[in-house]
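Worksheet for the structure shown next.
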Amino acid sequence: MFKVRFLFFLAFITNSFMVSADLLEIEIQGVKKDGILNLVIYDSKETFETYKIDKSKPQPGIQKSLIKRVSKGVYTDVFEIPPGTYAISLFIDSNGNEEFDTNFLGLPTEQYGFSNNAMGRFGPPQFEPASFILDGYRKIIINL
């Protein structure tokens with residue numbers, strides 16, 4: 001009897017220390033050229049609105065970041081992260097220089113996108129139009 005109680009106690013303690021995580025599936029459609037995907041999942045309005053997506057060092061306000069080679073077409077990935085409010089930004093570095101390139105007018109020359117397909121007026125969107133709530137499973141489709 002003691003062994004059974006001990007096992008129940010051990011199972012209770014183990015489960016109470018587990019961190020809750022939900023599934024976020026991200027599908028990126030319309031990748032026109034092979035390149036390096038630079039994707040950042042933000043959990044902070046301040047970081048989203050000030051962070052340059054061509055940097056890859058972790059910092060507060062960033063839940064996940066991904067740098068991965070992708071081929072033209074559609075790219076899909078799944079992330080396990082805690083429930084919360086998030087926004088995503090990404091770009092495809094097609095020339096491999098590890099920067100988000102723009103032309104002489106400041107217009108992007110590489111593909112980019114944001115969650116909810118949000119767009120800004122003369123730059124990236126604010127956090128609110130790009131944000132979404134993750135509570136369980138969520139699929140985000142970003143069209144480039």
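The values are calculated or read from the model by the stated rules, or taken from the named source; none is laboratory data. Owing to the predicted nature of the structure, the values given are computational and were not obtained by experimental measurement. Please note: Cβ atoms are built from the backbone with ideal geometry, for glycine as well, and neighbour counts cover all protein chains shown.
Among the residues of region 119-128, are any closer than 23 Å to D22 by Cα, in contact with a Leu (Cβ under 6 Å, 6 or more places away or on another chain) and modelled with pLDDT of 95 or more?
no
Restricting attention to region 86-144, and to residues there that are surrounded by fewer than 11 Cβ atoms within 10 Å (Cβ to Cβ) and of a type in the set (G, A, S), which single residue is nearest to the chain's Cα centre (by Cα)?
Checked region 86-144; the qualifying residue nearest to the chain's Cα centre (by Cα) is G136.
Give the residues of region 72-108 that are more than 30 Å from G136 (Cβ to Cβ), assigned to a strand (DSSP E or B) and touching a residue at least 24 places away in the same chain (Cβ under 8 Å), sorted by residue number. Outline the logic, then answer.
Filtering region 72-108 down to residues more than 30 Å from G136 (Cβ to Cβ) leaves 72, 93-108.
Now narrow it down to the ones that are assigned to a strand (DSSP E or B): 93, 102, 108.
Matches in region 72-108: D93 only.
Going by what's in this entry, would D34 be described as at pLDDT 95 or above, under 15 Å from P82 (Cα atoms) and of a type in the set (D, E)? If you could, list the steps in order and put the result at the bottom.
Values: at pLDDT 95 or above: yes; under 15 Å from P82 (Cα atoms): no; of a type in the set (D, E): yes.
Considered against the rule, which asks whether it is at pLDDT 95 or above, under 15 Å from P82 (Cα atoms) and of a type in the set (D, E), D34 comes out as no.
Among S20, S65, S89, which is the only one that is closer than 26 Å to P129 by Cβ, among the small types (G, A, S), out of contact with any helix residue (DSSP H, G or I) (no Cβ under 6 Å at 6 or more places or on another chain) and modelled with pLDDT under 95?
Values: S20 fails: closer than 26 Å to P129 by Cβ; S89 fails: modelled with pLDDT under 95.
Within the list S20, S65, S89, the selection yields S65.
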